[in-house]
Amino acid sequence: MSGSIRKLLIANRGEIAVRIINAARKLGIATVQVVSEADREMLAARMADEVIEIGPAAAAKSYLNVENVLDALRRSGADAVHPGYGFLSENADFARAVTAMGRIFVGPDADTIERMGDKVNARRAAIEAGVPVVPGSNGRLEDPAAALTLAEEMGYPVMIKAAAGGGGRGIRVVGNADELLGAVPQAIAEAKAAFGDGGLYMEAYVENARHIEVQVLGDGNTVLHLFERECSLQRRRQKVWEEAPAAVLSADQRAELCASAVRLASAVAYRGAGTMEYLYDPTRKAFYFIEMNTRIQVEHPVTEAITGIDLVAEMLLIAGGAPLSMRQEDIRVGGHAIEVRINAEDPARNFFPSPGVIERLQVPEGEGIRFDTGFDTGSRVPPYYDSLVGKLIVKAASRKDAIERLKEALESLDVAPIATTAPLFRTLTRNTDIIAGDVSTQWLERWLSSIESK
């Protein structure tokens, strides 16, 4: 049972909305799907028990419009709201307003979102919890002069990052003072546009870093980890290929990393699903906490694949008042999983957007294969939102076998006539560096640049 949740409003769209509906159905929870004018016919709208339109196609006037979403929550009579990822999922004011209405926000409380959603505050919390962090500023950088002074002390290269938000926005890597003075105002402007907050902070730049993150679940009293994922293959700081577990870690490193994530989440009495993100320095064999995502992640299916735990269902149970349904010793890793993001973008044309109607969608099936999508044949991929068509997830006994299964599944995937990133992943499954696991957060962009220069 789902505790006190009987009816759930889904304040999101696309594949994560479908994912939430499926989890809610399993728990006997009725669903209400909010939609923009552009999403009236989307798959999630056809699956939900009820649909409420909340505004025009533009996200700022619909999915990001707090008053419209709250009005839909009020009208629906729903007990709770699941924000998914993106949009309002890490908006503390929205979470606070939901709670003030006497409804349940499926996620941590607003104070935790506020504290851990701000990278500077999260960094301080990590230091207090004894979790290693990348050397950097102790607080927000107030102006270019302060940034310049700190960079000179730290030594170049350094990374300028937005204090709020995520998704790679507001980040600049700079190698000297001139670059820094030009990058700071650009980063402030980008952060303000993306998150409404132009605050910045600075970190030392870890070269050839790998991006590893730990999935946690908490009920406000107890925190457990569901091991780690590696998300080093990125383009423009957006993850495109994720794996679990991280093959680069030894058993001792894995234990130390996961323990640090539990320690930090416990320090803030975390409630719900969350992700602690780290940079791993393979030269020093050291990891550094960089930020926390106080929501479900796009890449959560690879963790579900290796643990057998339905993270979205667990979020709903916890939000409904139930304690964690498992102990740490109950959570075990089985096999290796990989997820690739199939976006409506054309890799052959510098990832030019490719919205339009999907006239043919053939999804691979079979053992160890899963495809999460918000579309079906006849669906229109609109130009207004994230270009994600679906996530192809495979699981096998070993990493080598998982890559082979991914290769076969990609050959069976057919999305037409729109262009997608599937051809890119077909190529990557045959790349010797990827097969060997010899990658970093810069690897994909360097590889793409080398292809373009030929």
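Points to keep in mind about this one:
- Selection status of I290, among the hydrophobic types (A, V, I, L, M, F, W, C) and at pLDDT below 95: yes
- Answer from E41, E67, E37 - the residue that is more than 22 Å from the chain's Cα centre (by Cα), touching a residue at least 60 places away in the same chain (Cβ under 8 Å) and farther than 23 Å from V298 by Cβ: E41
Residue by residue, here is whether (1) surrounded by 19 or more Cβ atoms within 10 Å (Cβ to Cβ); (2) of a type outside the set (A, V, I, L, M); (3) at negative phi holds:
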| site | (1), (2), (3) |
| --- | --- |
| N91 | yes, yes, yes |
| F94 | yes, yes, yes |
| V98 | yes, no, yes |
| P108 | yes, yes, yes |
| M116 | yes, no, yes |
| G130 | no, yes, no |
| M154 | no, no, yes |
| I160 | yes, no, yes |
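- Among the residues listed as G139, G107, the single one being touching a Gly at 6+ places or on another chain (Cβ under 6 Å) and either part of a loop (DSSP other than H, G, I, E, B) or farther than 29 Å from A322 by Cα (or both): G107
- Of all the listed residues (T31, T99), the sole one being in a helix (DSSP H, G or I), closer than 18 Å to I5 by Cβ and hydroxyl-bearing (S, T, Y) is T99.
- Evaluating V389 against the criteria (1) among the hydrophobic types (A, V, I, L, M, F, W, C); (2) assigned to a strand (DSSP E or B); (3) surrounded by fewer than 21 Cβ atoms within 10 Å (Cβ to Cβ) leaves one unmet condition, (3).
- Hey, Y278 crowded, with 24+ Cβ neighbours inside 10 Å and either aromatic (F, W, Y) or in a helix (DSSP H, G or I) (or both) or not: yes
- Top-ranked residue in the stretch 235-261 [being within 26 Å of N121 (Cα to Cα) and surrounded by fewer than 21 Cβ atoms within 10 Å (Cβ to Cβ); ranked as modelled with the lowest pLDDT]: R237
- Selected residue (criterion: nearest to W241 (Cα to Cα)) from residues of the stretch 310-330 that are in contact (Cβ under 8 Å) with a residue 40 or more places away in the chain and surrounded by fewer than 19 Cβ atoms within 10 Å (Cβ to Cβ): D310
- The residue pairs whose first member lies in the stretch 279-304 and is touching a residue at least 12 places away in the same chain (Cβ under 8 Å), whose second member is polar (S, T, N, Q), and whose beta carbons are closer than 6 Å, counting only pairs six or more residues apart or on different chains, are N293/T275; R295/S89; Q297/T275; T303/Q215.
- Screening N343 against (1) of a type in the set (S, T, N, Q); (2) within 30 Å of G28 (Cβ to Cβ); (3) modelled with pLDDT of 95 or more leaves a single unmet condition, (2).
- Residue count for the stretch 142-190 under the criterion of being among the hydroxyl-bearing types (S, T, Y) and touching a Gly at 6+ places or on another chain (Cβ under 6 Å): the result is 1.
- Yes/no for R74 being of a type in the set (K, R), buried (at least 24 other Cβ atoms within 10 Å of the Cβ) and in a helix (DSSP H, G or I): no
- E339 free of Cβ contacts under 8 Å to residues at least 60 places away in the same chain and touching a strand residue (DSSP E or B) at 6+ places or on another chain (Cβ under 8 Å): no
- Count of the stretch 412-429 residues which are exposed (fewer than 15 other Cβ atoms within 10 Å of the Cβ), touching a residue at least 24 places away in the same chain (Cβ under 8 Å) and in a helix (DSSP H, G or I): 2
- Selection count, the stretch 50-60, where residues are free of Cβ contacts under 8 Å to residues at least 24 places away in the same chain and not in a strand (DSSP E or B): 2
- Only one of D49, D79 that is within 23 Å of D376 (Cα to Cα) and acidic (D, E): D49
- Residue check for V184: modelled with pLDDT under 90, outside any loop (DSSP other than H, G, I, E, B) and over 21 Å from E230 (Cα atoms): yes
- Residue check, A246 small (G, A, S), in contact (Cβ under 8 Å) with a residue 12 or more places away in the chain and touching an Asp or Glu at 6+ places or on another chain (Cβ under 6 Å): yes
- Filtered residues of the stretch 364-380 (kept if over 15 Å from A402 (Cα atoms) and assigned to a loop (DSSP other than H, G, I, E, B)): G374, F375, D376, T377, G378, S379
The values are calculated or read from the model by the stated rules, or taken from the named source; none is laboratory data. Fair warning: this is a prediction, and the values are worked out from it, not measured in the lab. Cβ atoms come from the backbone with ideal geometry, glycine included; neighbour counts cover every protein chain shown.
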